[in-house]
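> The structure that follows is given in the form of structure tokens.
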Amino acid sequence: MSLVKWIDFQVLGDARGSLVALEREHNVPFEIRRVYFIYNTAEGVSRGYHAHRKLRQVAVCVAGSCTMVLDDGHKREEVVMDTPTRGLLIEDLVWREMHHFSDDCVLMVLASELYDEADYIRDYQKFVTERCK
Ligand code: T46
């Protein structure tokens, strides 16, 4: 089964432009406890390189583009994120890396939990051990 789980958003548009609404139950499959966004990323920088024990997230590239690598310890999949009209659901115990940020990239992330450094697994071998036990 693919690690890449897109959620397509309904675009509410009229002559003024476009609008996307994100709501729990409707198009986000968890209670949203935190929102953060990554922007102004310096050229050549990659981010991520960790997994979460419990956290579920939906990432939406609201401007520009980047690539997201997802890895479950067996397979690695890479997707281009370049539209605000769909979100990438990232489940718990999935290793993620983000690369190739465009200058104008704004990556918004909806998270199921508050920030907790103890939830991070930042060592790849440790992640594989936890994921595969
Ligand atoms: C993820 C990917 C997609 C906070 O204090 N609160 C927060 O809510 C977040 C997300 C981060 N931080 C602090 C922790 C670090 O000192 O901000 C700093 C940068 O975080 P980090 O190095 O984890 O950033 P990324 O871009 O590598 O990863 C982030 C999220 O942390 C992570 O959950 O899945 O984006």
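> If you check residue 103 against the conditions, is it open to solvent by 30 Å² or more (accessible area, probe 1.4 Å), more than 19 Å from residue 29 (Cα to Cα), without any contact (Cβ under 8 Å) to a residue 40 or more places away in the chain and touching a Gly at 6+ places or on another chain (Cβ under 9 Å)?
Values: open to solvent by 30 Å² or more (accessible area, probe 1.4 Å): yes; more than 19 Å from residue 29 (Cα to Cα): yes; without any contact (Cβ under 8 Å) to a residue 40 or more places away in the chain: no; touching a Gly at 6+ places or on another chain (Cβ under 9 Å): yes.
No, not satisfied.
> I need the full set of residues from segment 12-30 which are surrounded by 12 or more Cβ atoms within 10 Å (Cβ to Cβ) and assigned to a loop (DSSP other than H, G, I, E, B), in order please.
Within segment 12-30, 20, 22, 27, 29, 30 qualify.
> If you scan segment 34-73, which residues turn out to be farther than 16 Å from residue 121 by Cβ, more than 10 Å from the ligand (Cβ to nearest atom) and not in a strand (DSSP E or B)?
40, 42, 43, 44, 64, 65 - these are the residues of segment 34-73 that are farther than 16 Å from residue 121 by Cβ, more than 10 Å from the ligand (Cβ to nearest atom) and not in a strand (DSSP E or B).
> Within segment 117-133, does at least one residue satisfy the condition of being touching an Asp or Glu at 6+ places or on another chain (Cβ under 8 Å) and buried (at least 17 other Cβ atoms within 10 Å of the Cβ)? Step through it out loud before you land on a result.
Of segment 117-133, the ones touching an Asp or Glu at 6+ places or on another chain (Cβ under 8 Å) are 119, 121, 131.
Imposing the further condition that a residue be buried (at least 17 other Cβ atoms within 10 Å of the Cβ) reduces the set to 121, 131.
The answer is yes; a qualifying residue exists.
> Output the residues belonging to segment 51-78 that are touching a residue at least 60 places away in the same chain (Cβ under 8 Å) and buried (at least 16 other Cβ atoms within 10 Å of the Cβ).
51, 52, 55, 70, 71, 72, listed by residue number.
> On the given criteria, is residue 47 farther than 19 Å from residue 6 by Cβ and touching a strand residue (DSSP E or B) at 6+ places or on another chain (Cβ under 7 Å)? Please lay out each step first, then the result.
Values: farther than 19 Å from residue 6 by Cβ: yes; touching a strand residue (DSSP E or B) at 6+ places or on another chain (Cβ under 7 Å): yes.
In short, yes.
> Then there's this: Any residue in segment 39-50 that is touching a residue at least 24 places away in the same chain (Cβ under 8 Å) sitting within a Cβ distance under 6 Å of a residue that is within 11 Å of the ligand (Cβ to nearest atom) and in a loop (DSSP other than H, G, I, E, B)? List the pairs, counting only those 6 or more apart or interchain.
41/101; 50/122
> Does residue 46 count as among the small types (Gly, Ala, Ser), farther than 18 Å from residue 30 by Cβ and in contact with a Ser or Thr (Cβ under 6 Å, 6 or more places away or on another chain)?
In short, no.
> Do you know which of the residues in segment 112-133 that are in a loop (DSSP other than H, G, I, E, B) and not basic (Lys, Arg) is nearest to the ligand (Cβ to nearest atom)?
The qualifying residue nearest to the ligand (Cβ to nearest atom) is 115.
The values are calculated or read from the model by the stated rules, or taken from the named source; none is laboratory data. Since the model is a prediction, treat every value here as computed from it, not as a measurement. Using ideal geometry, Cβ is built from the backbone for each residue, glycine included, and neighbour counts are taken over all protein chains shown. Just the protein is used for accessible areas: all its heavy atoms, side chains included, with ligands, DNA and RNA removed. Shrake-Rupley method; radii C 1.70, N 1.55, O 1.52, S 1.80 Å.
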